[in-house]
Amino acid sequence: MPIELVFDQGLGDLVVVRSAGEALDHSVVGSLEFGVAELHTPLLVVLGHQRCGALDATIKAIDAHQRTSEAGQIGYLVETLTPAVRQAEGKPGDRLTNAIHANVDLVLAELRKSPVIAPLEKSGKLKLVGAYYELDTGRVSLT
Ligand SMILES: [Zn+2]
């Protein structure tokens with residue numbers, strides 16, 4: 001689903017940076033920093049979603065005690081998402097859903113370390129929020 005439709009916006013109205021599991025790397029953080037600093041986007045939404053396959057794969061890799069040796073960068077992705085799965089361990093409720101929420105929180109915390117994003121938030125020019133997109137209903141709830 002195009003994210004513009006989820007938020008009832010026109011094409012080109014949003015700066016959209018997508019990565020599996022909202023995983024951060026230099027390119028993703030740089031794109032977000034560019035959006036808020038150069039394009040003056042006033043709101044940065046970290047949007048997790050129901051049944052996230054990337055976090056599900058991370059759970060499966062952890063359970064299988066796999067050092068993911070997949071070709072390419074999938075192992076990097078799983079390593080990046082592992083702290084969220086660990087943080088959700090032992091919590092009541094659905095494990096994957098908990099990991100998705102934990103991941104949104106961790107991504108927000110990481111973005112707040114950015115020397116570009118942090119001062120904009122402190123000055124009130126930028127707001128950071130976490131959100132959860134429920135695929136079944138199309139509802140987005142702020143976390
Ligand atoms: Zn996902």
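The values are calculated or read from the model by the stated rules, or taken from the named source; none is laboratory data. The structure presented is a predicted model; accordingly, all values stated were derived computationally and were not measured. Ideal geometry is used to build each Cβ from the backbone, glycine not excepted, and the neighbour counts take in all protein chains shown. Surface areas here come from the heavy atoms of the whole protein model, side chains and all, with no ligands, DNA or RNA. Shrake-Rupley method; radii C 1.70, N 1.55, O 1.52, S 1.80 Å.
Values for this structure:
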{"item": "Any hit, region 62-69, residues being part of a helix (DSSP H, G or I) and exposed (fewer than 13 other Cβ atoms within 10 Å of the Cβ)", "result": "yes"}
{"item": "The listed residue being under 19 Å from Tyr133 (Cα atoms) and surrounded by fewer than 13 Cβ atoms within 10 Å (Cβ to Cβ), out of Gly93, Gly21, Gly12", "result": "Gly93"}
{"item": "Which listed residue is open to solvent by 60 Å² or more (accessible area, probe 1.4 Å) and within 16 Å of the ligand (Cβ to nearest atom), from Ile100, Ile74", "result": "Ile74"}
{"item": "Region 1-42, residues that are on the phi < 0 side of the Ramachandran plot and small (Gly, Ala, Ser)", "result": "Gly10, Ser19, Ala20, Ala23, Ser27, Gly30, Ser31, Gly35, Ala37"}
{"item": "Members of region 43-92 found to be among the charged types (D, E, K, R) and either on the phi < 0 side of the Ramachandran plot or without any contact (Cβ under 8 Å) to a residue 24 or more places away in the chain (or both), listed by number", "result": "Asp56, Lys60, Asp63, Arg67, Glu70, Glu79, Arg86, Glu89, Lys91"}
{"item": "Candidates Val140, Val129, filtered to the one that is out of contact with any helix residue (DSSP H, G or I) (no Cβ under 7 Å at 6 or more places or on another chain) and not in a helix (DSSP H, G or I)", "result": "Val129"}
{"item": "Of all residues making up region 24-53, the number that are open to solvent by less than 30 Å² (accessible area, probe 1.4 Å), part of a helix (DSSP H, G or I) and within 16 Å of the ligand (Cβ to nearest atom)", "result": "1"}
